[in-house]
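Data block below; observations after.
Read-outs throughout are calculated quantities, based only on the coordinates presented, and are distinct from any laboratory measurement. Note that the structure is predicted; figures quoted are calculated from it, not measured. All Cβ positions, glycine included, derive from the backbone under ideal geometry; neighbour counts span all protein chains shown.
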């Protein structure tokens with residue numbers, strides 16, 4: 001199997017926001033597929049948390065308590081999540097949040113996980129920022145149809161998941177990895193990234 005033949009599923013969550021003394025919960029989930037060069041949304045839903053959305057989180061993603069009042073609980077979405085992710089390589093940009101929220105399903109076997117944050121640090125170690133939006137702008141990927149088309153909005157779970165796949169597609173193209181075993185995505189060489197960090201932030 002090579003990368004061009006691998007089915008990918010990008011997942012993204014938006015959250016109610018963290019605060020001292022409380023556990024964060026998702027308020028939106030989206031899963032987007034990539035097969036070859038084709039990117040297609042398959043799941044996009046608000047999620048009803050057991051905690052209120054804090055002001056800082058609402059300011060980022062625009063999701064209010066009223067918008068999620070009648071949404072399903074995350075556990076209710078398990079059949080759809082399982083169907084959309086099972087048998088695919090999972091993609092996220094900075095995967096820790098997504099992995100953390102999926103712990104509510106302790107026996108899931110999703111993976112392998114491809115982190116586009118780690119990959120971009122390996123391929124473009126000198127970027128000023130490796131935030132997803134900053135990368136997309138720095139690499140002029142805003143013109144890609146999945147981003148330039150109507151309805152795209154940063155900090156929307158579906159849009160961010162699609163953007164992570166646009167980025168992965170770009171990285172595969174510029175590194176000529178389409179015919180490679182997908183395992184190469186799991187062990188990028190970060191030597192240049194850490195060298196650039198040392199140059200930017202020297203000790204002392």
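When you count, for each residue, the other Cβ atoms within 10 Å and take the mean per peptide, how do 39-48, 56-65, 164-173 rank with the highest first?
Numbers: 39-48: 18.2, 56-65: 15.1, 164-173: 21.9.
Descending packing order for the listed peptides: 164-173, 39-48, 56-65.
Based on the alpha-carbon gyration tensor of the range 86-204 and its eigenvalue square roots a ≥ b ≥ c, which shape applies: rounded if a/c is under 1.5, prolate if not and a/b is larger than b/c, or oblate?
Working: a/c = 1.44, a/b = 1.18, b/c = 1.22.
It comes out rounded by the Cα gyration axes.
Just to be sure I understand the model, the point goes 7 Å from the Cα along the line to the Cβ. What's the resulting residue 78 to residue 191 distance in nm?
Each label point is offset 7 Å from its Cα along the Cβ direction, giving 4.6 nm.
Using a 10 Å cut-off around each Cβ, can you sort 110, 8 from fewest to most neighbouring Cβ atoms? Write down the numbers at each step before the final one.
Numbers: 110 19, 8 23.
The most exposed by this proxy come first: 110, 8.
Using the beta-carbon distance between residue 127 and residue 23 and R0 = 30 Å, what value does 1/(1 + (r/R0)^6) give for FRET efficiency, to the nearest 0.05?
Details: r = 33 Å, r/R0 = 1.09.
Approximately 0.40, to the nearest 0.05.
By count of other Cβ within 10 Å, fewest leading, how are 29, 51, 135 ordered? Mind dumping the intermediate values first?
Values: 29 27, 51 15, 135 23.
Ordered by Cβ neighbours within 10 Å, fewest first: 51, 135, 29.
Could you give the nm distance between label points at residue 5 and residue 140, where each point is 7 Å from its Cα heading toward the beta carbon?
The two pseudo-label positions are separated by 3.4 nm.
Whole angstrom only: what separates the Cα centroid of the range 27-88 from the Cα centroid of the range 92-147?
The range 27-88 and the range 92-147 have Cα centres spaced 17 Å from each other.
Rounded to the nearest 500, what is the 222 nm mean residue ellipticity of the chain from helices alone, with -39500 (n - 2.57) per DSSP H run of 4+ residues and division by all residues? It would help to have the intermediate numbers written out before the result.
Values: 9 runs with 72 residues, N = 204.
One gets -9500 deg cm²/dmol as the mean residue ellipticity at 222 nm.
Over 21 Å apart: what share of the alpha carbon pairs of the chain falls there, rounded to a whole percent? Let's see the in-between values first.
On the way: 11245 of 20706 pairs.
It works out to 54 percent of all Cα pairs.
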